[in-house]
1. At 25 °C and 0.890 mPa s, what whole-number value in µm²/s does Stokes-Einstein give for the translational diffusion of region 92-142, with Rh from the Kirkwood sum over Cα pairs?
2. If packing is taken as the average count of other Cβ atoms within 10 Å, what order do 36-47, 235-246 fall into, highest mean first?
3. Roughly how big is region 88-147's charge dipole about its Cα centre, with Cβ charges of +1 (Lys, Arg) and -1 (Asp, Glu), in debye to the nearest 20?
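Derivation of every value follows stated rules applied to the coordinates shown; laboratory data play no part. Model, not experiment: these values are computed from the prediction. Every residue, glycine as well, gets a Cβ built from its backbone with ideal geometry; the counts of neighbours run over all protein chains shown.
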Amino acid sequence: MADDDLEYYIKFPSPTPKDSTPTSETEEFVFVYDEDKLPVVMLLGWAGCQDRYLSKYSAIYEERGCITVRYTAPVECLFWRRSRMHQLGKRLVELITDMSLEEHPIFFHVFSNGGAFLYQHVSQAIQMRSKPLKVKGVIFDSAPGKRRLMSLFRAVTAIIGGPAFVNIPAAIVITGFLMLVWLFEVLARSLKERKPLQTDPIDLVEEPFTWPQLFLYSTTDKLIRYEDVEKFAERRCQRGVNVSAVRFDDSPHVKHFSVHREIYINAVCSFLHSCLSEVGESPMKKLEQLKDETKPELTPPVSPGTTNTVKTD
């Protein structure tokens with residue numbers, strides 16, 4: 001579906017009979033809120049993400065009665081036409097109002113740095129509203145991480161695809177070009193605002209909103225280091241944000257769902273249920289106190305405020 005230059009996909013669930021009962025424990029979060037104001041989950045894809053991939057994630061929520069909105073920022077906006085990101089964030093917030101969803105509980109599920117960067121501009125647009133939205137929580141999948149040359153190179157190669165003899169030379173050229181563009185942008189911004197150099201494009205640590213956040217990440221992620229995610233989550237926790245996390249030890253970047261399907265679904269559904277039930281409003285335990293905790297399997301719902309390490313033999 002298209003709205004001006006904003007190409008997004010939205011899906012409304014079929015009406016649920018009032019006398020119906022949930023088929024599993026993870027589906028109960030739909031029933032803890034006003035059925036006339038079903039939860040809305042906005043999924044913001046990673047750089048180069050195709051909607052057919054993002055739709056597999058949105059199906060988790062659609063099957064449980066949520067309204068979903070899928071959108072991925074264009075690659076050029078994420079890499080070299082970054083001035084457009086502010087407008088994209090603003091349009092996504094306006095979309096919520098246009099669809100009369102501002103009174104619904106809203107969640108954001110963001111993937112990689114591409115989704116996190118877009119969410120940053122959505123957050124800024126929400127701050128500009130006279131009436132705040134009813135955002136209940138944010139899920140960070142494989143994000144956020146610091147900007148690194150090798151991470152950028154790997155991301156570019158993944159987007160380009162194709163045989164290595166074409167992919168690698170093209171990725172080297174594009175990576176070098178993007179680094180020059182970003183360097184110029186950082187210097188220009190620093191001089192204009194008369195502030196120290198800000199090399200990290202994602203600046204969400206100081207986000208004023210304190211709605212709960214769930215982090216899904218892996219120690220084997222080659223694009224986003226797990227140390228970056230844990231450091232970010234810890235700093236948010238120190239600011240009073242209700243933080244929870246699930247750390248995997250064997251799943252690649254934005255592949256946690258395909259490798260650990262049941263655990264993944266259980267984690268995100270449990271998070272939504274907790275947020276809708278307003279459970280665990282007090283600040284969470286610091287992640288540094290929980291990094292060494294190991295839980296081989298997650299049969300019960302993931303409890304906010306715990307860092308679960310999932311290992312496989």
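1. Answer, rounded: 215 µm²/s.
2. Those peptides, ordered most packed to least, come out 36-47, 235-246.
3. 260
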